[in-house]
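Below: the structure, in C-alpha cells.
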Amino acid sequence: MSPLKSIHLNGLTFSYQVVGQGPPMLLVHGNGEDHHIFDRSVRLLKAHFTCYLIDSRGHGMSSPVNTFHYREMADDMVLFLLKKDLKGVTFVGFSDGGIIGLLAAAATRRVTTLIACGANRRPEGLRWFFRLPLRVFNCFRKDPLRQLMLCEPDITDQELHQIQADTLILAGQHDLIKQKETDEIAAMIPHARKMILPGESHASYVVNSEKLGKLILKYLENKAAQPSPPPIQHVDEHV
C-alpha cells in the first residue's frame, strides 16, 4: 500500500491513502474501524480506480474527537472531495460509512455512484439483538461511538429523494440492519438497486474480504452495459 497522506478539514487532520489508477473512488469504513478493512477488496479495485481510503474523524490515524455526529462526518467527506477536486466519484461506504455516503450523496453532485453497505437511516433501523446490548453497555459506561449509533442517524425522506447518484444498496441476509429499513432506503432513492446477499452478515462480505470488491466490479460492469433507467424505477435483486 502507498504511504499515508494527511489533509486538514474542518479543523481536524485526516489520514488517508491513495492507491491505483482510474476514476476516483472514496471508501469509508464503519464504526470503530479504519480504512484497512478494505485492503483485500482494494487489491482488485485498484486496477480500475484511484482508490482514496480515508480514516473518518476520531478513527484510525485521524484526529480524535469527543463526540460524533453523522452529518459532521458527511461534511468532512464532501469537503475532502472539494479540496481534492474529485468529480465523478464512486462512494463506497460500509455501515457508518454507508450512512455517511447517503448524506454526502444528498449534499453533492460530485458523487455519481453510491454503494452503501449495511446502512440505516434511523437508530430504530438496527435489529433489537444489536441495539439492546448497546443500550445496556452505554448505561454502565458512556461511549461516544455507541451513543452515535443509539441517537443517530436521522436521514429524511427529502435527503434520500434528492440523491441523484446511481445507487446500489447492499445488505447481508443476516444483517444488523432490519430488512424493512434496507427496503425503505432503496425505495426512497431514485433508480436505486438493492441486493440482499444470501448467507452474509453485516460485515462478512466487507471486512478483510474480497467479496465486496468483486460485487462492485460486477455491478459497475452490468451498469455500463445497461441503458439509462426510466424516470422512476426501483429494482430489487437477490444475488
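The values are calculated or read from the model by the stated rules, or taken from the named source; none is laboratory data. It should be emphasised that the depicted structure is a prediction, and the values quoted were computed from it without experimental measurement. Ideal geometry is used to build each Cβ from the backbone, glycine not excepted, and the neighbour counts take in all protein chains shown. Just the protein is used for accessible areas: all its heavy atoms, side chains included, with ligands, DNA and RNA removed. Shrake-Rupley method; radii C 1.70, N 1.55, O 1.52, S 1.80 Å.
I need the full set of residues from region 99-113 which are of a type in the set (Gly, Ala, Ser) and open to solvent by 20 Å² or more (accessible area, probe 1.4 Å), in order please.
Within region 99-113, Ala107 is the sole residue that qualifies.
With respect to Ile54, determine if the residue is modelled with pLDDT of 95 or more, within 18 Å of Asp175 (Cβ to Cβ) and of a type in the set (Val, Ile, Thr).
Criteria not met by Ile54.
So how many residues does region 33-59 have that are closer than 25 Å to Lys214 by Cβ and surrounded by fewer than 21 Cβ atoms within 10 Å (Cβ to Cβ)?
Residues meeting the conditions: 10.
Is there any pair with a first residue in region 209-228 that is more than 19 Å from His36 (Cα to Cα) and a second that is buried (at least 19 other Cβ atoms within 10 Å of the Cβ) whose Cβ atoms are under 7 Å apart and which are 6 or more apart or on different chains, and what are they?
Tyr219/Leu168; Lys223/Asp166
How many residues does region 150-190 contain that are open to solvent by less than 30 Å² (accessible area, probe 1.4 Å), of a type outside the set (S, T, N, Q) and either assigned to a helix (DSSP H, G or I) or out of contact with any Cys (no Cβ under 8 Å at 6 or more places or on another chain) (or both)?
15
Suppose we keep only residues that are in contact with an Asp or Glu (Cβ under 6 Å, 6 or more places away or on another chain) and not hydrophobic (A, V, I, L, M, F, W, C) within region 194-221. Which one would you say is least open to solvent (accessible area, probe 1.4 Å)?
Of all residues in region 194-221, those in contact with an Asp or Glu (Cβ under 6 Å, 6 or more places away or on another chain) come to 194-195, 202.
Next, from what is left, pick out any that are not hydrophobic (A, V, I, L, M, F, W, C): 194, 202.
Values: Lys194: 8, His202: 24 Å².
Across region 194-221, the extreme among qualifying residues is Lys194.
Check Gln179, Gln173, Gln158, Gln162 and return the single one that is at negative phi and touching a helix residue (DSSP H, G or I) at 6+ places or on another chain (Cβ under 8 Å).
Working: Gln179 fails: touching a helix residue (DSSP H, G or I) at 6+ places or on another chain (Cβ under 8 Å); Gln173 fails: touching a helix residue (DSSP H, G or I) at 6+ places or on another chain (Cβ under 8 Å); Gln158 fails: touching a helix residue (DSSP H, G or I) at 6+ places or on another chain (Cβ under 8 Å).
The unique qualifying residue is Gln162.
If only one of Pro190, Pro153, Pro144 is out of contact with any Phe, Trp or Tyr (no Cβ under 6 Å at 6 or more places or on another chain) and in contact (Cβ under 8 Å) with a residue 12 or more places away in the chain, which one is it?
Only one candidate passes the filter, namely Pro190.
Which count do you get for residues in region 110-138 that are over 14 Å from Pro24 (Cβ atoms), over 10 Å from the mean Cα position of the chain (by Cα) and assigned to a loop (DSSP other than H, G, I, E, B)?
Going through region 110-138, the residues over 14 Å from Pro24 (Cβ atoms) turn out to be 116-138.
Next, from what is left, pick out any that are over 10 Å from the mean Cα position of the chain (by Cα): 120-138.
Okay, now just the ones that are also assigned to a loop (DSSP other than H, G, I, E, B), so 120-122, 127.
Going through region 110-138 one residue at a time, the tally reaches 4.
Taking region 202-217 on its own, how many of its residues are of a type outside the set (Val, Ile, Thr) and farther than 23 Å from Arg127 by Cα? Before you say what the answer is, go through the steps one by one.
First, the residues of region 202-217 that are of a type outside the set (Val, Ile, Thr): 202-205, 208-215, 217.
Cutting the leftovers down to farther than 23 Å from Arg127 by Cα gives us 208-211, 213-215, 217.
So the answer is 8.
Yes or no: region 3-16 includes at least one residue that is among the basic types (Lys, Arg) and open to solvent by 30 Å² or more (accessible area, probe 1.4 Å).
yes
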